[in-house]
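The values are calculated or read from the model by the stated rules, or taken from the named source; none is laboratory data. Because the structure is predicted, anything quoted here is derived from the model rather than measured. Here Cβ is always computed from backbone atoms with ideal geometry, including for glycine, and neighbour counts include all displayed protein chains.
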Amino acid sequence: MIDLGRDHLGADGDVFYAALLKAHEGFSPEDSARLNARLVLILANQVGDREVLQAALEKAMERFHS
Amino acid sequence: MPSYSYQPFGYAPPPELSGKTPGRYPVAIVGAGPTGLSMAIDLALRGVPSLVLDDNDVVSVGSRAICWAKRTLEIFDRLGVGERMVEKGVTWKIGRVFHGDREIYSFDLLPEDGHKMPAFINLQQYYVEQYLVERARDFPDLIDLRFKNKVIGVAKLPDGAAASVETPDGPYRLEADYLLACDGAKSIVRSALGLEFAGRLFEERFLIADIELKADFPSERRFWFEPTFHAGQSALLHKQPDNIYRIDLQLGWDADPERERRPENVRPRIERVLGRSDFEIDWVSVYTFQCRRLERFVHDRVIFVGDSAHIVSPFGARGGNGCIQDVDNLGWKLVAVVKGQAGQGLIDSYNDERIRGADENIAHSSRATNFMTPKSAMEKMLRDEVLDLAADMEFARKLVNSGRLSVPCSVAGLRLQTPSPEAILDPGAACKDAPLRRAGDDVWLLNLLGGDFALLSFGEHPRIEANGIRHIHVARPGEGELQDVSGPAFERYGEGLTYLVRPDQHVAAAFRTPDAASIRAAHRRAFDNSQTGQNP
Ligand SMILES: Cc1cc2nc3c(=O)[nH]c(=O)nc-3n(C[C@H](O)[C@H](O)[C@H](O)COP(=O)(O)OP(=O)(O)OC[C@H]3O[C@@H](n4cnc5c(N)ncnc54)[C@H](O)[C@@H]3O)c2cc1C
């Protein structure tokens, strides 16, 4: 089982979240979506593990099945 | 009907108006809020007299600050009021966060035993100020408390500052070697010096109410994102002494503060939170929050302390708690300079160390407020998904931010501290409390440290040439005069280490082999005297 829930950021989580909001500041919805798209692609490459990515995709999709 | 009865402190005509005293003081403190009062007491405990001027003659109207953190209580304990506050306050350490009506996460702010002070107490600001005023009155020769003395102007002098003061009997002028601006968020001293208070305002309004209710809600902090009883917004509930509960409700930026304050509008909102109507409204206000700070806190002989220097939004309780850490940091330094033991550089270190604290507090409070008040569709979407994922994913629970509660600020890496790679507790950190035994009595480590420099060793008694500094030696359980009881002290500090502790109970240095030369160097450095070579 791939554990996607485990926290890897610790106190840096808040710092990253703030940086993410800051990056989106002033963006149109389309630019925001584009920024997220780029971020997902870059992070997927960083993860570099097809199984983990598949599990993450499924977890993210859960929201749309219910 | 407020349940607290406000007793005016009383006004006496100042001696200046009958031409009796020269009107020059070593230290003048503007403002008798939590900051100014604590400041005066700290100085008095160190033998330095001060004059305290306040425009009012009662304690804080409305309860305002209620959450006082462990480090603040430890400082208040050093000032002689901590135990009284804990006795009166509601002790808590558990926080629960809900999304809708579902609990998504809870936290324990003090999971370990062996500390004299609890993680947090809730105590209305009016009690805190009352106890501080009463404590200040224990020093009639050192603290001159002047109520209904409003400062209307301040000017810098080459060797001090001058203030113009208005009283019911007319105006007067005074001079001081040091003027401490403890006059709160709207500081007149700040505007008199023309200083910018830069930062930001959060476009959001919050209804803050204290209500009187006989109920047995648990002593926990409860926070809701989008509860069904207050759709789409956030809510916070805290228990206070005297059957008072604090309720914070997010209202949105469009809310009309005048309208929202009216009892006929407040009551139904609170009824929905509590599901009952057998309560009285004690105090209500509608707030917009800001995070701002001065670029510098030290302006020659005028020093800003507390809310006059920095303000934060209250999520995380970093406002008043930050103020008391300012006081703790400045007290011993100012006294050393006034007594000629150190140069102005030591006061400048207050500037650097507490700007670090203010920036930490501003960063945390801003992030919490941002999380609570998404400002765009994208922010709202990210927040919604964090809350949704938090149901079963730990990492998302960690991102849920309803306020990161006040912790002591470490001054590690700043210039008074001596780098000590072997330390368990790093130089700059606030000392941790621990239970000890001395001659059959239970004692607390922080109480023994008190408010002077100390050397603190654990384990084998080292041969130390203490250079006139007090030496506190903690032995293993069952061994020396002063013993660790069950291990927490050794665990927290490390066996075989000796620490040099500053008067504000922060670590200055740690030594495995505490030789006289290293102790002397670290002691000098902690006084900012390493350049001059002057002996503290
Ligand atoms: C709704 C709310 C909730 C809060 N909750 C918390 C909390 O839970 N925990 C926490 O730690 N903090 C909290 N805070 C913040 C806390 O109340 C402040 O940080 C704290 O009161 C600041 O203390 P101070 O002494 O610096 O300033 P103040 O308390 O503002 O005191 C300033 C004093 O100076 C006097 N003064 C002003 N101008 C003059 C003048 N010209 N001449 C003479 N005297 C003058 C005033 O009368 C006052 O007595 C909260 C604040 C608010 C508004």
Checklist outcome for this item: Here the residues within segment B:265-297 that are within 16 Å of the ligand (Cβ to nearest atom) and part of a strand (DSSP E or B) are B:Ile281, B:Asp282, B:Trp283, B:Val284, B:Ser285, B:Val286, B:Tyr287, B:Gln290, B:Cys291, B:Arg292, B:Arg293
Checklist entry - When segment A:1-50 is examined, which residues are found to be outside any helix (DSSP H, G or I), more than 10 Å from chain B (Cβ to nearest Cβ) and acidic (Asp, Glu)? => result A:Asp49
Checklist entry - If we only count strands (runs of 3 or more DSSP E) wholly inside segment B:43-110, which ones have 2 or more residues that are within 15 Å of the ligand (Cβ to nearest atom) and in contact (Cβ under 8 Å) with a residue 40 or more places away in the chain? => result B:50-53, B:67-69, B:90-92
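Mind listing whichever residues of segment B:381-402 are within 11 Å of chain A (Cβ to nearest Cβ) and within 23 Å of B:Asp254 (Cα to Cα)?
Within segment B:381-402, the subset within 11 Å of chain A (Cβ to nearest Cβ) is B:381-386, B:388-401.
Residues satisfying the conditions are B:Met381, B:Leu382, B:Arg383, B:Asp384.
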Next on the checklist: Going by what's in this entry, would B:Val30 be described as β-branched (Val, Ile, Thr), more than 16 Å from the ligand (Cβ to nearest atom) and at pLDDT 95 or above?
Outcome noted: no
Checklist outcome for this item: Screening B:Ser486, B:Ser420 for residues that are in a loop (DSSP other than H, G, I, E, B), surrounded by fewer than 15 Cβ atoms within 10 Å (Cβ to Cβ) and out of contact with any Cys (no Cβ under 9 Å at 6 or more places or on another chain) leaves only B:Ser486
Next on the checklist: The conditions are (1) under 30 Å from B:Leu249 (Cα atoms); (2) outside any loop (DSSP other than H, G, I, E, B), and B:Gly316 fails exactly one of them. Which is it?
Outcome noted: (2)
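Here is a list: B:Gly322, B:Gly316. Which entry is within 14 Å of chain A (Cβ to nearest Cβ), within 13 Å of the ligand (Cβ to nearest atom), touching a Gly at 6+ places or on another chain (Cβ under 7 Å) and not polar (S, T, N, Q)? First the steps, then the outcome.
On the way: B:Gly322 fails: within 14 Å of chain A (Cβ to nearest Cβ).
It is B:Gly316.
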Checklist entry - Only one of these conditions is not met by A:Lys59: (1) of a type in the set (Lys, Arg); (2) within 13 Å of chain B (Cβ to nearest Cβ); (3) exposed (fewer than 13 other Cβ atoms within 10 Å of the Cβ). Which number is it? => result (3)
Next on the checklist: I'd like the residue in segment B:382-409 that is part of a loop (DSSP other than H, G, I, E, B) and without any contact (Cβ under 8 Å) to a residue 40 or more places away in the chain and, out of all such residues, is surrounded by the fewest Cβ atoms within 10 Å (Cβ to Cβ).
Outcome noted: B:Asp392
Checklist entry - When you look at B:Gly428, is it crowded, with 20+ Cβ neighbours inside 10 Å and on the phi > 0 side of the Ramachandran plot, yes or no? => result yes
